[in-house]
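Right, one structure below, let's go through it.
What follows is calculated from the coordinates using simple rules that are stated; it is not laboratory data. The shown structure was predicted, so the numbers you read here are calculated from the model rather than taken from an experiment. Neighbour counts are summed over all protein chains in view; Cβ atoms, including those assigned to glycine, are modelled from backbone coordinates with ideal geometry.
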Amino acid sequence: MLQKTNRLTLVEQVVLQMEALIESGTWPVGMRIPPEPALMADLNVSRNTLREAIRALTHAGLLQTRQGDGTYVCSSSALGVMLHRRILRTNRLHTLEVRHALEREGAYLAAQRRTDDEAHRMLVLLDNCESALARGETDRYIAEDILLHQCIISASHNEILIELYEHIAETLESLITSLIRQEAGASVHSQMHRQLVEAIVRRDVDEAVEVVHRYIAESKAAILAEGSEIAALSGNLSDIESR
C-alpha cells in the first residue's frame, strides 16, 4: 500500500540548501559562512529556523561554530564525516581490508580506463615518492604516496569509488604512516608501488591487481606482527607485576 509523502520542514529545506552549497564547493572547507542576517535574508527564514539548521549541520560534522568568530565549514560531506568516525572505531586490520577492496578495484579499473595524462601523472607522483624516500623525507613521502593512490583511484573513472576513497584517504593516512615508519617498510612499499604504476601504464590488469594483493598482504603481516609484539610485552609486564 502506498503511503502519504511527508513534506520537508522549513528547517530541513534550509539544511538541504546549505548542504548543497558545501558539497558543491561553493562553500569550501575552511570558509566562514555568511553571517546570520545575510543568510536569513537570502533564505527568507527566521533566526530560529536558521540556527536549528546550523545546529543540525554542526551535529552532522559539516559546520563548526567558533565562539565570537563565526561558523566555519569543516567537512565537504556528511558521508565523509560518518566514514571518518566509523573508521576511528574500527581496528586497523578491518580498515586495511576496506582499503584492500577499494584499491584492488581501483587498480583493476585504472589499468583499463586510464588516460595518457593520468599515466603521466602517476609516473610523476611515483618519482616524487622515490625522491622523498631517497632524501629520508618520510612526511613528504607519505603525502606523495596518498596523492598517488588518489590518482590511481581517479583513473578508475568510477565516481562513487572516487568519492568513497576521497572521504577515507585522510583517515587512512595514520595507518599508512605507521606501516611506512617500520623498518624497511617504506622501501618495500615504494618498490611495490613502482610495479603497480608500471602495470597500470602497460594496461596489465592482472598484474595491477596482483601487486595490490601483495602490498596489502605485507601490510597485514606487519600489523599482525606488531600485535604479537604488544601481546608478548603485555604478558611480560603481567609476569613482572605478579612477582
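Listing for the model above:
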{"item": "Fewest-first sequence of Y141, Y108 by Cβ atoms within 10 Å of each Cβ", "result": "Y108, Y141"}
{"item": "Part-to-part distance (alpha-carbon centres) for segment 140-168 and segment 8-61, which is given in Å", "result": "29 Å"}
{"item": "Cα-based shape type of segment 122-170, given that a ≥ b ≥ c are square roots of the gyration tensor eigenvalues and the cut on a/c is 1.5", "result": "oblate"}
